[in-house]
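Input: a single structure, listed below in structure tokens.
The values are calculated or read from the model by the stated rules, or taken from the named source; none is laboratory data. A quick note: this is a predicted structure, and the numbers were derived from the prediction, not measured. With ideal geometry, Cβ positions are generated from the backbone for all residues, glycine too; neighbour counts draw on all protein chains shown. Each accessible area value is taken on the protein alone, full model and side chains, heavy atoms only, with ligands, DNA and RNA left out. Shrake-Rupley method; radii C 1.70, N 1.55, O 1.52, S 1.80 Å.
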Amino acid sequence: MSTTSPAIPIVYTEEVREALHEGRPVVALESNGITHGLTYPHNAETAHRVEAAVRKGGSVPATICIEDGAIRIGMTERDIERFASESGIPKVSSRDLPIVLARGGRGATTVASSLVAAELAGITFFSSAGFGGVHRGAETTMDISSDLIQLTRSKVAVVCAGAKMILDLRLTMEYLETQCVPVISHGSDDFPAFYCASSGVKAPHRIDDEDLIAKVVATGHPGGVVVTTPPREEDAVDAAEAEAAIADALRRATRDGVAGQGLTKYLMHAVDRATGGRTAQANMAVLISTAEVGGRLAAAYARHRTTHS
Ligand code: PSU
Ligand code: MN
């Protein structure tokens, strides 16, 4: 382990530090999915399988978290086990990051705070099954995930299976367009809905050629680029089934007065229960398949950089 930057301490695992130093492809991963997405031990097992999938794609995985007031780029097996099994590790999004760092605390990074960390560390690719978006009813709650705002600020390519149907995906796409965030759909005409193949919203651009996607990222767009890849057919959940479970989960959330930071987790777990764990299963599968695509795209980008420098 080594530390750099006095202002924001960043601690790298040896493997990630060397890979970055040698210009080998690295894919950043969030840790909020470990602490708040799935339950133990599925979360630990999935985190390992996600890392293995990034490697299969040809890149080095760097799962990100906050510990002892430092950004950790890369988590060891023991780190992942601790984060997966201990309770009370807070969700740290971009707005929380400076406070947790200054207090010397720890936390699990969301997509937004992982993008901050990845950019600081010089990592161009990040993979997650889905990012946060415009929540349903946002016209009154104003609940719009800071993942979207961070996408406009951090120059990182986000490889994902879209965003979950618990959100308003049409408004999420509108928001990304307004905020000038490029969205590329890989392997589908539609913007996928995490564990459903389609959100019903058409993607503005479809590119299946991975070298061309690498080229898009290499143009240096001043902010994030979203690259979506749909869930594999055998992993996808039927959209009607998911929608019914979501509608029910939303009603419960309103009844229970759940809003704000805890809403995403509440909805995801309610939907998992309503589908008898089908969506949780799909969640794990999608995390893994997406990570492999992320690994391949980061590798394509590294090759592009080598031949054009
Ligand atoms: N999976 C999703 N959507 C999500 C999340 C996981 O399909 O939003 C998790 C991610 O960690 C994401 C965070 O960064 O929730 C967003 O939370 P919020 O909506 O509170 O910004
Ligand atoms: Mn929110």
So, Val217, is that one surrounded by 15 or more Cβ atoms within 10 Å (Cβ to Cβ), assigned to a helix (DSSP H, G or I), of a type in the set (Val, Ile, Thr) and out of contact with any Leu (no Cβ under 9 Å at 6 or more places or on another chain) or not?
no
Could you tell me whether any residue of region 82-91 is open to solvent by 10 Å² or more (accessible area, probe 1.4 Å), within 16 Å of ligand 2 (Cβ to nearest atom) and not in a helix (DSSP H, G or I)?
yes
Kindly check whether there is at least one residue in region 265-272 that is surrounded by fewer than 17 Cβ atoms within 10 Å (Cβ to Cβ), within 19 Å of Gly162 (Cβ to Cβ) and not hydrophobic (A, V, I, L, M, F, W, C).
yes
Just for region 124-133: of the residues that are surrounded by 24 or more Cβ atoms within 10 Å (Cβ to Cβ) and either away from ligand 1 (no atom under 11 Å from the Cβ) or β-branched (Val, Ile, Thr) (or both), which one is farthest from Ser289 (Cα to Cα)?
Phe125
Tell me, which residue of region 137-154 that is among the small types (Gly, Ala, Ser) and more than 8 Å from ligand 1 (Cβ to nearest atom) is farthest from the chain's Cα centre (by Cα)?
Gly137
Checking Ala112 against (1) within 16 Å of ligand 1 (Cβ to nearest atom); (2) open to solvent by 10 Å² or more (accessible area, probe 1.4 Å); (3) touching a residue at least 12 places away in the same chain (Cβ under 8 Å); (4) under 28 Å from Ile246 (Cα atoms), only one condition comes out false. Which one?
(2)
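Would you confirm whether or not region 287-304 contains a residue that is more than 25 Å from Ile89 (Cβ to Cβ), of a type in the set (Asp, Glu), out of contact with any strand residue (DSSP E or B) (no Cβ under 6 Å at 6 or more places or on another chain) and modelled with pLDDT under 95?
Taking region 287-304 first, the residues more than 25 Å from Ile89 (Cβ to Cβ) are 289, 292-293, 295-304.
Within this subset, residues satisfying the condition of being of a type in the set (Asp, Glu) are 292.
Going one step further and asking which of them are out of contact with any strand residue (DSSP E or B) (no Cβ under 6 Å at 6 or more places or on another chain), we end up with 292.
From what is left, the residues that are modelled with pLDDT under 95 are none.
Taking every residue of region 287-304 in turn, none turns out to be more than 25 Å from Ile89 (Cβ to Cβ), of a type in the set (Asp, Glu), out of contact with any strand residue (DSSP E or B) (no Cβ under 6 Å at 6 or more places or on another chain) and modelled with pLDDT under 95.
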So which of Ala70, Ala129, Ala157 is in contact with a strand residue (DSSP E or B) (Cβ under 8 Å, 6 or more places away or on another chain) and modelled with pLDDT under 95?
Ala129
How many residues are open to solvent by less than 20 Å² (accessible area, probe 1.4 Å), under 18 Å from Ala291 (Cβ atoms) and not in a loop (DSSP other than H, G, I, E, B) if we restrict to region 194-214?
2
Filter region 235-283 down to residues that are in contact (Cβ under 8 Å) with a residue 12 or more places away in the chain and outside any helix (DSSP H, G or I) and give me whichever is farthest from Val50 (Cα to Cα).
Ala259
